[in-house]
Amino acid sequence: MCGLLWAVPLKETLEVTADKFLANDQKKTTIIQGNVHIKKGKDTLTANKVIIYTNNKRKPTKYEAIGDVHFHLFTEDGREVKGHSDRLIYDALKQEYRLLQNAVVNEVGKVNSVKGEEIILSKEHGYADVLGGKDKPATFIFDMEDIQKEQKKQKAKKHAKQQSKP
């Protein structure tokens, strides 16, 4: 699910449109405001505002999307994912996404979805943490048929490995 818009290979183009772009070299930030639309390949992100934080070499270290955040992306394994939250923070150094307040992630074409007040997705470590709020519990909905198919594949691979050993 990770690999959203921020880890841009040199060959791909990142297209950003918005009403305003404000760069501040002293604060090492770029603020993009009003009807923000970011596109990289087939992946998209929209928000009211995006702040890009950079280091001394002007390399992005963190991105923060604020207000009516929506994303649509395609994972490396071919899945299509859509989601939204009130805020999204991407830590480029940790390769970790934090979706905050009213966070929802859905796999397109399947019933698989995750909802919570905070969803943390790590590309580097391959985990997803979902936290509920005081009055809003975290919710997971998964298609058991998909899980069962994956378990059968794993068992078949394990069995094939055991059969091939001398």
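Within the range 41-90, restricting attention to residues that are open to solvent by 50 Å² or more (accessible area, probe 1.4 Å) and within 11 Å of the chain's Cα centre (by Cα), the residue that is nearest to I120 (Cα to Cα) is H84. Residues that are modelled with pLDDT of 90 or more, surrounded by fewer than 22 Cβ atoms within 10 Å (Cβ to Cβ) and within 17 Å of K40 (Cβ to Cβ) are absent from the range 91-101. All conditions but one from (1) under 27 Å from G41 (Cβ atoms); (2) touching a strand residue (DSSP E or B) at 6+ places or on another chain (Cβ under 6 Å); (3) surrounded by fewer than 13 Cβ atoms within 10 Å (Cβ to Cβ); (4) modelled with pLDDT under 80 apply to V108; the one that does not is (4).
Residue-by-condition table, conditions (1) over 17 Å from F71 (Cα atoms); (2) modelled with pLDDT of 90 or more:
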| residue | (1), (2) |
| --- | --- |
| A18 | no, yes |
| L22 | yes, yes |
| K40 | no, no |
| R58 | yes, no |
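The values are calculated or read from the model by the stated rules, or taken from the named source; none is laboratory data. Not measured: the values here are computed from a predicted model. Heads up, the Cβs are rebuilt from the backbone with ideal geometry, glycines too, and the neighbour counts pull from every protein chain shown. Heavy atoms of the whole protein, side chains included, go into the accessibility calculation; ligands, DNA and RNA do not. Shrake-Rupley method; radii C 1.70, N 1.55, O 1.52, S 1.80 Å.
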